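I have placed the structure first, in the form of structure tokens, so that the comments after it can refer back to it.
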Amino acid sequence: MKWVTYEAGAGERTGILDGETVRGLAPGTTLAGLLAAGALVEAGDDARRAPTEVLGTDDVRLLAPLPRPVSIRDGLCFLDHLRGCHRALGRDESLHPAWSENPGFYFANADAIVGPYDDVPVAPGSTMFDLELEVAAVVGTGGRDLDPRRAEEHIVGYTFYNDWTARDHQLRDMAQGIGMGKSKDSAITLGPALVTVDELEPFRRDGRLAFEVSASVGDRELTRGSLATMDWTFGELLAYVSRGADLTPGAVVGSGTVPGGCLLEHVDTPDLAAFTGWLQPGDVVSLRGEGLGETRQTVRPARPVIPLRDGA
């Protein structure tokens, strides 16, 4: 099934995509609530047999399938992405041994979720605004200290994840040395749908999802890659993030960026300030993938920066 959250003039609603229609459930039903109650399969049957409303996709505004997830973690499971970023920054492309010991991840901002067709303003004060092509797994069954061989059984489905990033803010975050801060908190796209694992089973090869995804800015395709090239699998990532910590239904866990899936990796000079290809107001950014659909968003101007202190 392809689960969506949508708006058609009467507040947020939840339903399933069925071709060119949305089959909606009763007002007050949310995807997060269905996941928490373990009631997704039954609700999907209800939506197919006896929906509360049936609307054309042109008559609804699709929101993020989980507009307010209980938590978000973003992994880094494609190590070639990290090597590409090091190369762009003029650094040694060899990686610290820690990257082969466990997948890296950080906690992201669950209040920054935007829908698959929402406009996205540049982060305030940024002149180096970037996209990141990712896929997120959504937890359906909670757990703790998961076995990496079985952890994927806790995933209910997948959705696109665009981790919009202010690279200039990121350089400052890295200088402070306490993790991702203002570089990562302005927007995260989820959508257009939460695609359940059974829908994507035809793409499974040797224990991995082997479907292609791509990112474009305007008419230019930035990259195309496959989830089959993940250095760390979703099962390994979920096992690691659940080590000594609870994963709850509705938690979102990002894959990290598909190699080449951000503008930073396409910088062709060590002088980052000389790169002129950062996102600009009016740019249209799209993520596409077999089974997952497409996001399409327009970049808008940043809001003015309010100084923290006089003269600063």
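The values are calculated or read from the model by the stated rules, or taken from the named source; none is laboratory data. Fair warning: this is a prediction, and the values are worked out from it, not measured in the lab. All Cβ positions, glycine included, derive from the backbone under ideal geometry; neighbour counts span all protein chains shown.
Does the range 262-280 contain any residue that is in a strand (DSSP E or B), surrounded by fewer than 19 Cβ atoms within 10 Å (Cβ to Cβ) and assigned by TED's automatic domain parsing to the domain that holds PRO116?
In the first step, residues of the range 262-280 are kept if they are in a strand (DSSP E or B); the result is none.
No: zero hits.
Residues that are touching a Ser or Thr at 6+ places or on another chain (Cβ under 9 Å) and among the β-branched types (Val, Ile, Thr) were ranked within the range 168-206; the one that is nearest to ARG296 (Cα to Cα) is THR189.
Which residue out of ALA10, ALA50, ALA88 is in contact (Cβ under 8 Å) with a residue 12 or more places away in the chain, aliphatic (A, V, I, L, M), farther than 23 Å from GLY293 by Cβ and not assigned by TED's automatic domain parsing to the domain that holds GLU265?
Working: ALA50 fails: in contact (Cβ under 8 Å) with a residue 12 or more places away in the chain; ALA88 fails: not assigned by TED's automatic domain parsing to the domain that holds GLU265.
After ruling out the rest, the residue left standing is ALA10.
Contact annotation: residue pairs with Cβ atoms under 6 Å, 6 or more positions apart or on different chains, pairing a residue in the range 280-292 that is more than 14 Å from GLY191 (Cβ to Cβ) with a partner that is crowded, with 17+ Cβ neighbours inside 10 Å and not charged (D, E, K, R), are PRO281/VAL299; ASP283/VAL217; ASP283/VAL299; GLU290/PHE211. Only residues that are within 16 Å of THR196 (Cα to Cα) and in a strand (DSSP E or B) were counted in the range 1-21, giving 9.
Being at pLDDT 95 or above and either touching a Leu at 6+ places or on another chain (Cβ under 7 Å) or within 22 Å of ALA245 (Cβ to Cβ) (or both) is the requirement here; does ALA32 meet it? Yes: the conditions hold for ALA32.
Condition check ((1) modelled with pLDDT of 95 or more; (2) in a loop (DSSP other than H, G, I, E, B)) across all residues:
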| site | (1), (2) |
| --- | --- |
| ASP173 | no, no |
| GLY181 | no, yes |
| GLY191 | yes, no |
| SER216 | yes, no |
| GLU236 | yes, no |
| GLY244 | yes, yes |
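Among the residues of the range 224-234, is any over 26 Å from ALA88 (Cα atoms) and part of a strand (DSSP E or B)? No, that holds for no residue.
Which ones in the range 19-72 are of a type in the set (Lys, Arg) and either touching a Lys or Arg at 6+ places or on another chain (Cβ under 9 Å) or within 18 Å of PRO249 (Cα to Cα) (or both)?
Restricting attention to the range 19-72, the residues satisfying the condition of being of a type in the set (Lys, Arg) are 23, 48-49, 61, 68.
Once the filter is applied, which keeps residues that are of a type in the set (Lys, Arg) and either touching a Lys or Arg at 6+ places or on another chain (Cβ under 9 Å) or within 18 Å of PRO249 (Cα to Cα) (or both), the range 19-72 yields ARG23, ARG48, ARG68.
Before we move on, is ASP130 farther than 23 Å from GLY235 by Cα, of a type in the set (Asp, Glu), touching a residue at least 24 places away in the same chain (Cβ under 8 Å) and in contact with a helix residue (DSSP H, G or I) (Cβ under 9 Å, 6 or more places away or on another chain)? So ASP130 passes the test.
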